[in-house]
Every structure is written in C-alpha cells, then in structure tokens.
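Derivation of every value follows stated rules applied to the coordinates shown; laboratory data play no part. Note that the coordinates shown come from a computational prediction; the quantities given were computed from them, not determined experimentally. Neighbour counts are summed over all protein chains in view; Cβ atoms, including those assigned to glycine, are modelled from backbone coordinates with ideal geometry.
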C-alpha cells in the first residue's frame with residue numbers, strides 16, 4: 001500500500017474511506033451526489049480532504065484523479081470491476097472481499113476510519129455523534145429499536161472502526177472466512193461470526209448507531225434536526241437509488257435555504273421509488 005496516509009488522515013490518525021467503480025464515477029452518478037452532500041452539509045465540506053477514494057479499476061482511478069480527490073488504485077488481477085457491480089453477483093462478492101483485505105491493512109497501519117458506501121449522503125458531520133467511550137466498532141443499523149447493543153440489524157454500509165489489536169484480528173478473521181463462505185456476502189459472514197461469538201471472544205466493544213441520526217431508506221429518521229447521514233439501503237438498483245437520493249438532497253437544500261434545517265423535527269415531503277414517505281416509520285420497498 002503506497003497511499004499517502006499523512007495527506008488524508010486527520011491529526012488523530014482517522015480518515016474516511018469509500019470504494020469507487022466505474023458506475024459510481026460517471027457524470028451525474030453516485031460520486032457526484034456524494035460530493036454534493038459533503039459540499040452542502042453542515043460542517044462537512046472540510047471532510048472531503050480526509051476521504052480516501054479507493055478505485056477498483058484503472059478508468060475509475062483516472063476519473064478520480066481528474067477530480068483532484070485523494071485516490072488509491074486497488075486493482076485485482078483478472079477481475080473487471082469497471083461496470084456496475086450487481087448485488088450478490090460473483091463480481092460483487094469479489095469486490096467486497098478485496099475491500100475487506102484492504103481495510104484490514106489500513107487498521108494494521110494504525111489508522112482508524114469511517115467506512116462509507118457511496119450511496120450514503122452526509123448531511124452533517126458524523127464525528128460529533130460517534131462515541132469515544134472505548135468502542136472498538138460502531139456500526140449503522142437497518143432498523144433501530146432503542147438498544148445500542150442490539151446487534152440483530154447492523155449494516156456494513158457505514159461504520160467507524162478504531163485501530164487496535166482487536167479490530168485487526170477481527171478483519172483478519174473476517175477475510176480468512178471468504179473461501180468457506182461461498183454465496184454469502186461479507187456482511188452475512190460478519191453476522192455469522194457475531195452469532196458464533198467472535199465479537200465476544202475478541203473482546204470487542206461494539207455499538208450500533210441510532211437511525212434517528214444515521215438514517216436510511218429502511219427506517220428514515222423522523223427528526224430532521226438530528227439526521228446526519230441517509231443511506232439508500234433496502235433499495236437495490238443504482239438507477240432507483242440515484243432518483244431517491246436526489247430527492248433527499250433537494251429536500252435538504254430547500255430546508256437550508258429556508259433556514260429550517262435545525263428549526264423543525266419534520267422532514268420536508270420526500271417521495272421516491274424505494275423511499276415512499278419520510279413521515280412513516282418504515283419507508284422503503286426494495287427495487
């Protein structure tokens with residue numbers, strides 16, 4: 001790994017990591033929305049300088065560099081990631097496992113990080129709501145029912161991991177399971193490890209993040225004043241995700257222009273294809 005850590009990481013050796021492929025970097029695609037959210041969020045614009053965009057093919061890396069972002073070229077020989085990677089396809093799983101190996105290497109070098117999927121919109125700075133009470137891992141949830149230690153609904157599309165021996169061991173074991181987990185995505189393998197007691201055995205303190213703050217299409221935050229991120233989970237097609245996330249960003253812009261983003265708990269009306277109604281508790285239907 002030859003990425004220039006000191007250029008990307010904050011003073012506390014923390015950075016943000018996102019994975020890119022060709023489908024994400026096309027014009028008006030997911031990367032553009034992601035950057036729009038950071039550029040227009042509350043106390044988020046500076047974070048662009050601390051995001052390492054990991055490109056999984058050469059064309060994506062070239063595009064990333066033209067945008068003058070911090071880019072790392074993560075090439076896997078014999079695998080073409082230059083097209084849209086469909087959920088649970090062989091290419092999808094290969095990309096997920098290559099990602100897991102890379103992230104473990106970042107931890108091994110002593111860098112903590114937020115990992116974010118590209119379909120997560122950052123509306124506010126998340127670090128203010130991430131705990132610093134000895135947690136090794138803080139993970140987003142598809143659904144949250146009040147218990148931050150209920151591990152039944154975690155989602156690996158957004159999480160914060162602290163670099164230490166325990167988390168390095170977790171990622172090493174996670175990656176080592178890839179050959180015995182055919183047909184399972186990396187999140188399912190981690191879920192299985194959790195059920196088998198790996199988190200306890202490794203002594204990990206894991207907290208699961210409230211959807212009030214770290215929201216998603218599965219369970220949208222009802223409090224517009226508190227929402228930090230919005231993840232297009234419970235939604236499969238990239239085309240549909242783009243439509244719905246644009247609606248979310250438009251609602252955010254309108255509220256900011258009206259000076260109401262911190263004045264009301266209620267979301268502005270946001271409707272889409274996966275995201276039907278921001279006023280309901282469970283809002284998404286998979287497409």
Item to check | Full-stretch length increase - residue 13, residue 62 - with 0.36 nm per residue and alpha-carbon distance subtracted | outcome: 15.0 nm
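Rounded to the nearest 0.05, what FRET efficiency do residue 75 and residue 46 have when you use their Cβ-Cβ distance and R0 = 25 Å?
Using R0 = 25 Å, I get an efficiency of 0.25.
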Item to check | Förster-model FRET efficiency, 25 Å R0, residue 101 and residue 166, C-beta, rounded to 0.05 | outcome: 0.90
Checklist entry - Cα-Cα pairs above 13 Å in the stretch 212-258: how many percent? => result 57
Checklist entry - For a label point 7 angstrom out from the Cα of residue 176 toward its Cβ, which stretches of the stretch 94-135 have the backbone nitrogen within less than 20 Å? => result 97-110
Item to check | Reciprocal of mean inverse Cα separation for the stretch 97-224 (Kirkwood radius, Å) | outcome: 15.1
Checklist entry - For the stretch 7-208, what does the equivalent ellipsoid look like in terms of its semi-axes, each the square root of 5 times an eigenvalue of the Cα gyration tensor, given largest first in whole Å? => result 25, 21, 16
Next on the checklist: What does the C-alpha gyration tensor say about the overall shape of the stretch 138-197? Classify as rounded when a/c is under 1.5, otherwise prolate if a/b is larger than b/c, or oblate.
Outcome noted: oblate
Checklist entry - Each label point is 7 Å from the Cα along the Cα-to-Cβ direction; what then is the distance between the points at residue 236 and residue 152, in nm? => result 2.5
